[in-house]
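Colleague: Please see the structure below; I have some questions.
Values in this text are rule-based calculations from the coordinates and carry no lab data. Since we're looking at a predicted model, the values are computed, not measured. Cβ sites come from the backbone with ideal geometry, for glycine too, and all protein chains shown count toward neighbours.
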Amino acid sequence: MKTLKGIGVSPGYAVGKAIVIREALIDINSSAYTSAEEELKKFQSAVAVFTKKTRELIESLTRSAGKKNADILNGHIVMLNDPFMLSQINDSIQGGKTAAQATDAVCNSFYDMFATVDDEMMKQRASDILDIKNSIIGILCGENGVAIEDVPKGSVMIAKDFTPSMTSRINRENVYAIIAEAGSVTSHSAILARAIDIPAVLSVKNASELIKDGDLLAIDGSKGKILFDPDQETVQKYENARQSYFEEKASLAEYFSRETVTKNGVKKAVYGNIGKPEDAEAVIQNGGEGIGLFRTEFLFMDRPSLPTEEEQFEAYSTVAKAMGTKEVIIRTLDIGGDKAVPYLEIPKEDNPFLGYRAIRYCLDNPDIFKIQLRAILRAAYFGNIKIMLPLITDTEEVLSAKALIAECEKELESEGVLFKKGIPLGVMIETPAAVLIADELAKIADFFSIGTNDLTGYVMAVDRGNGKVSGLYSVQKSAVLKAIEMTVKSAKSVGIPVGMCGESAADSELIPKLVEWGLDEFSVTPNSILRTRKEICECD
Ligand code: PEP
Ligand code: MG
């Protein structure tokens, strides 16, 4: 079966017939220049039509995707009314260009300016400008755009790019999935596709050439997988998956605004795990009550050098602001093991999982560690941030980190920089050593979070990547269960909160035990939040 792969940005499954949206060829030179006054009038009336149409789209999108998502289109109205852009269009018209030519030239120059900056937000602006340009020229030249609204039921739409206005015109009853050559997880088309709950695969190279109208496609919107001409068995499999996806969604929807409370009234919390600031949106959209693990190492990976204090401050404060009063637990740099950061030039080790990693690296490199701590303390001013230390094996490590935090607080104070003092400091329990001294750690930590991903491997002395022994890598092994229970009890006996941020926090088989032992907070991948809440609420 021929397949194509892209970035899966909106989950769900679909089987449907391809409709390739080709850009309408509009001739911007089709009308002759009249006079500056006339052309200006034409432009202004096109802006009025655009604004009216966009307002109508906003209204319908607010109903289907919520006000926040609809605001993306509001941004288009604001952009088009930017005085600098309007004055350039005006100048261009005064200089002898028709309304369509002036719009084309000015939008193209704005597009070039935004598209060349290596920043996701700027690239987004570029795509918005293109969307505005096409709409205005479409109105001026009598082209109403592609009839996206009218595609038949069971369609999979393919385009070079789905601009926000295109995405918002999609009839979700008829369109089963969308595929585009451009876009990423954070592009507006992805945000809107998730909001209206249509599977979407973006960044599929040459999709609009490789896929032909009428091709039968099976799509997995999480994995970004596209299958051509699937056989009957595959069609059935994808259709069943689509059905169960909708059924599960419907059964979980009621848990979005419900409190996480067990049947006998014990309050728990379900948080989300994130790796990038923009992931906070997925936690909010899935009803997360906070962020239980911000894996900051991703800010250090896939780049040529260390992120600066400012860059880190920007990332942490963006999440803090997005979450408002909700808790955001920022884990300090956890590199080494399977997370390589080449520019740090950590020498190759025989046993990287037992080596120079996480807190060990940070305490040995206080200059690097302090930059991160300063950025976190400053970001804490803007929200409800807590710090969490990875791979702790000794109380000394926590005390050393505390001393460095105190140093950073002093520095920031003397520099007169805004920051928050005395923010809670937690410890990850992910090594057998930490479990064994959990009673001691509980006296110097403000909270625990159990990292079952590492804990399982270290307790069972097993490499999960080694097929011959991977059967031992299970949270259900009695030694791992005991380690978890001991940790929760140690925290409870001192009265500090205890959470879990390893994958097992969403393990249906484990959840009842965690509830029974008294775990307070379950931090899971954003799309497991509602199911985890449901399962906790069903515990007695
Ligand atoms: C863990 O070990 O359980 C954990 C949450 O940390 P990571 O998966 O990032 O190592
Ligand atoms: Mg870990």
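Colleague: Name the long-range amide H neighbours of VAL341: under 5 Å, sequence gap of 5 or more, or other chain; modelled H, no Pro or chain starts.
Modeller: Those qualifying (amide H under 5 Å, at least 5 residues apart or on another chain) are GLY336.
Colleague: Within the chain, what percent of beta bridges assigned by DSSP are antiparallel, to the nearest 5?
Modeller: The antiparallel proportion sits near 30 percent.
Colleague: When the Cα centres of the stretch 273-337 and the stretch 197-266 are compared, how far apart do they sit, in Å?
Modeller: That distance is 27 Å.
Colleague: Once every DSSP H run of n ≥ 4 in the chain is given -39500 (n - 2.57) and the sum is divided by its residues, what mean residue ellipticity at 222 nm do you get, rounded to the nearest 500 deg cm²/dmol?
Modeller: One gets -14500 deg cm²/dmol as the mean residue ellipticity at 222 nm.
Colleague: For VAL204, VAL156, what's the fewest-to-most ordering of other Cβ within 10 Å of each Cβ? Numbers along the way, then the final one.
Modeller: Values: VAL204 21, VAL156 27.
With the sparsest Cβ surroundings first, the list reads VAL204, VAL156.
Colleague: Does the stretch 36-140 come out rounded, prolate or oblate, given a ≥ b ≥ c as the square roots of the eigenvalues of its C-alpha gyration tensor, rounded meaning a/c under 1.5 and, failing that, prolate meaning a/b above b/c?
Modeller: Oblate is the answer for the stretch 36-140, as a/c is 1.5 or above yet b/c matches or exceeds a/b.
Colleague: What residues have an amide H closer than 5 Å to that of GLU327, excluding those fewer than 5 places away on the same chain, when H is modeled at 1.01 Å from N in the peptide plane?
Modeller: HN-HN under 5 Å from GLU327: ILE291.
Colleague: Work out the length of the dipole vector of the chain about its Cα centre, built from +1 on the beta-carbon of each Lys and Arg and -1 on the beta-carbon of each Asp and Glu, and round it to the nearest 20 debye.
Modeller: Result for the chain is approximately 980 debye, rounded to the nearest 20.
Colleague: Where both partners of a DSSP beta bridge lie in the stretch 328-428, what percent of those bridges are antiparallel, to the nearest 5?
Modeller: Looking only at bridges with both residues in the stretch 328-428, the antiparallel portion is about 10 percent.
Colleague: Filter LYS326/LYS370; LYS17/LYS237; LYS68/LYS276; LYS67/LYS321; LYS123/LYS370; LYS53/LYS133 down to the pairs with a C-alpha to C-alpha distance above 22 Å, please.
Modeller: Where the Cα-Cα span goes over 22 Å, the pairs concerned are LYS326/LYS370; LYS123/LYS370.
Colleague: Would you list GLU39, GLU289 from fewest to most Cβ contacts within 10 Å?
Modeller: Lowest count first: GLU289, GLU39.
Colleague: Using Cα pairs under 8 angstrom and six or more residues apart, how large is the relative contact order of the chain, in percent?
Modeller: Once normalised by length, the contact order is 14 percent.
Colleague: Separate question: Can you list the HN-Hα couplings for the stretch 444-453, worked out from phi with the Karplus curve (6.51, -1.76, 1.60; θ = phi - 60°), rounded to whole Hz and with x for Gly and Pro?
Modeller: Ordered by residue, 3J(HN,Hα) equals 10, 10, 8, 6, 10, 9, 8, x, 6, 4 Hz.
Colleague: Using Cβ contacts closer than 10 Å as the measure, can you line up TYR111, TYR271, TYR316, TYR458 from fewest to most?
Modeller: TYR111, TYR458, TYR316, TYR271
Colleague: Please work out whether the stretch 460-539 counts as rounded, prolate or oblate from its C-alpha gyration tensor, where a ≥ b ≥ c are the square roots of the eigenvalues and a/c under 1.5 means rounded, while otherwise a/b larger than b/c means prolate and anything else oblate?
Modeller: oblate
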